[in-house]
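The values are calculated or read from the model by the stated rules, or taken from the named source; none is laboratory data. What you are looking at is a predicted structure, and each value in this text was computed from that prediction instead of being measured. When we count neighbours, we look across all protein chains shown, and the Cβ atoms used for this are built from the backbone with ideal geometry, even at glycine.
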Amino acid sequence: MLEITSLYTSLLTFIFLWLSLRVIVYRRGNKISMGHNGDNSLLKRMRAQGNFIEYVPFGLILLALVEFSGAPALAVHLLGLMLLIGRALHAWSFSASPPVMKGRVFGMILTLTMILLSALGLLLHTLFYGKYYSV
């Protein structure tokens, strides 16, 4: 079992549920069933949720592959923390009124750095230690 990936998947799921509930509660309270009807507050909530779901699955796939490849637990945890903190910081900063731009930027930097490091690590591992691609 991919225990470290499971940990971060669970924690990220709680953030996703929080972001989803913010959209659902706002929609119900304002009787908006489809789209955003020009409501900027709803649009902001929808984009915070959408941005989260655009990056997290890809990050978790990479994290699982890194863990499965046999990377040290510390490395997997560091990547998982980068994804978790990056996404949480971005979601919080994006959802704040007014939005906290520095938090959004740092959240994206952490997220994209995690994705880049994971991809590079997997590529190098495959090229140098892979069964079919080793030099």
Enumeration of residues in segment 45-81 that are under 13 Å from the mean Cα position of the chain (by Cα) and of a type in the set (Phe, Trp, Tyr)
52, 55, 58
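Rundown of residues vs (1) closer than 16 Å to residue 63 by Cβ; (2) modelled with pLDDT of 95 or more, yes/no style:
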{"position": "94", "(1), (2)": "no, no"}
{"position": "97", "(1), (2)": "no, no"}
{"position": "102", "(1), (2)": "no, yes"}
{"position": "109", "(1), (2)": "no, yes"}
{"position": "112", "(1), (2)": "yes, yes"}
{"position": "118", "(1), (2)": "yes, yes"}
{"position": "128", "(1), (2)": "no, no"}
Could you please give the count of residues in segment 49-69 that are surrounded by fewer than 22 Cβ atoms within 10 Å (Cβ to Cβ), among the small types (Gly, Ala, Ser) and either within 19 Å of residue 112 (Cβ to Cβ) or free of Cβ contacts under 8 Å to residues at least 12 places away in the same chain (or both)?
2
Segment 122-133, residues that are free of Cβ contacts under 8 Å to residues at least 60 places away in the same chain and touching a helix residue (DSSP H, G or I) at 6+ places or on another chain (Cβ under 6 Å):
133
Residue list for segment 19-34, restricted to those being without any contact (Cβ under 8 Å) to a residue 40 or more places away in the chain and either surrounded by 14 or more Cβ atoms within 10 Å (Cβ to Cβ) or assigned to a helix (DSSP H, G or I) (or both):
20, 21, 23, 24, 25, 26, 27, 28, 29, 30, 32
Sort out which residues of segment 70-80 are touching a residue at least 60 places away in the same chain (Cβ under 8 Å) and closer than 16 Å to residue 116 by Cα, and write them in order of number.
76, 77, 80
Cβ-Cβ under 7 Å pairs, at least 6 apart or on other chains, segment 86-110 side under 12 Å from residue 49 (Cα atoms), far side among the hydroxyl-bearing types (Ser, Thr, Tyr) and surrounded by 14 or more Cβ atoms within 10 Å (Cβ to Cβ):
87/55; 87/111; 90/111
When you scan segment 77-90, do you find a residue that is on the phi < 0 side of the Ramachandran plot, of a type in the set (Gly, Ala, Ser) and part of a loop (DSSP other than H, G, I, E, B), even just one?
no
